[in-house]
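One structure is given below, encoded as structure tokens.
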Amino acid sequence: MKKIFISSLIILLLCGCSTKKQTKETDSVKFKKEYESLNNDKYINVSISDNNHIEYASLDEIIDIIENKTGLIYLGYPESIACRDSIEVLIDAIKQTGLKKVYYLNITHINIDKKTEEKLEIIKKYVNDFEGINLIFVKDKENIGTISSLDKDYKQMSDEEKNELLKIYKNSIHQMLDDLCDESC
């Protein structure tokens, strides 16, 4: 009886006390890897924080935000020069405004079929083209602004242009959040 008890105890300890930890990669880390994996001579190099507040969203979730909620939607893809050139500015604006999350959809991962086309028509009310970065600011089911930069004829921004874009992003986020913002924002 003692042998069975001791054997059972040993088996339980061996099975239940594994030192291998299962960690789930956060969306922020996944996003960082997705963009930084393309740092090379072909693409603009980016440096993205592990804590960037980017959350992956499906097309259905994006439609739900547009039709029912408040949130900042980021439609883009890591190969886009406009996305790569502005992503660090966007993350700075997110942190400086205290925005908790941005809903990201990599638009190159959408499988196009008849149902998807219908859903994309809803988004096309706010954006003209998917070739680049599109930010949709939604407040209480209402689009309060869209900022787009298309890859066609895109020219990399200067530091001055990035500072101006930061102000635009911050003001748009504050408007979406209903925060009061003075000229220092």
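For K30, K152, K114, K170, which order do you get if you count the other beta carbons within 10 Å of each Cβ and list the fewest first?
Details: K30 15, K152 9, K114 6, K170 21.
Taking fewest neighbouring Cβ atoms as first place, the list is K114, K152, K30, K170.
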>> In 10 Å bins starting at zero, report the fraction of Cα pairs in segment 25-177 per bin as a rounded %.
In response: 11, 43, 37, 8, 0
> Alpha carbon centre of segment 130-180 versus segment 33-53: separation in Å?
Replying inline: 19
> What ranking of D179, D153 emerges when the number of other C-beta atoms within 10 Å of each C-beta is taken as an exposure proxy, fewest first?
Replying inline: D153, D179
> Using the Cβ atoms and a cut-off under 13 Å, what net charge is assigned to the surroundings of S158, where Lys and Arg are +1 and Asp and Glu are -1?
Replying inline: -3
> Taking +1 at the Cβ of each Lys and Arg and -1 at the Cβ of each Asp and Glu, which of S80, T70, G132 sits farthest along the dipole of segment 58-166 towards its positive end, judged by Cα position relative to the Cα centre?
Replying inline: T70
>> Tell me the net charge near G132. Cut-off is 12 Å between Cβ atoms, G132 excluded, with +1 for each Lys or Arg and -1 for each Asp or Glu.
In response: -4
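Order of K119, K42, K141 from fewest to most other C-beta atoms within 10 Å?
Working: K119 17, K42 7, K141 11.
Fewest to most other Cβ atoms nearby, the residues stand as K42, K141, K119.
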> Taking amide H positions as placed 1.01 Å from N in the peptide plane, with prolines and chain starts having none, which residues 5 or more places from Y104, or on another chain, fall under 5 Å of its amide H?
Replying inline: E55, Y56, A57, Y74
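Coordinate-derived values only; no laboratory data. Just so it is clear, the structure is predicted and the values come from calculations on it, not from any experiment. Every residue, glycine as well, gets a Cβ built from its backbone with ideal geometry; the counts of neighbours run over all protein chains shown.
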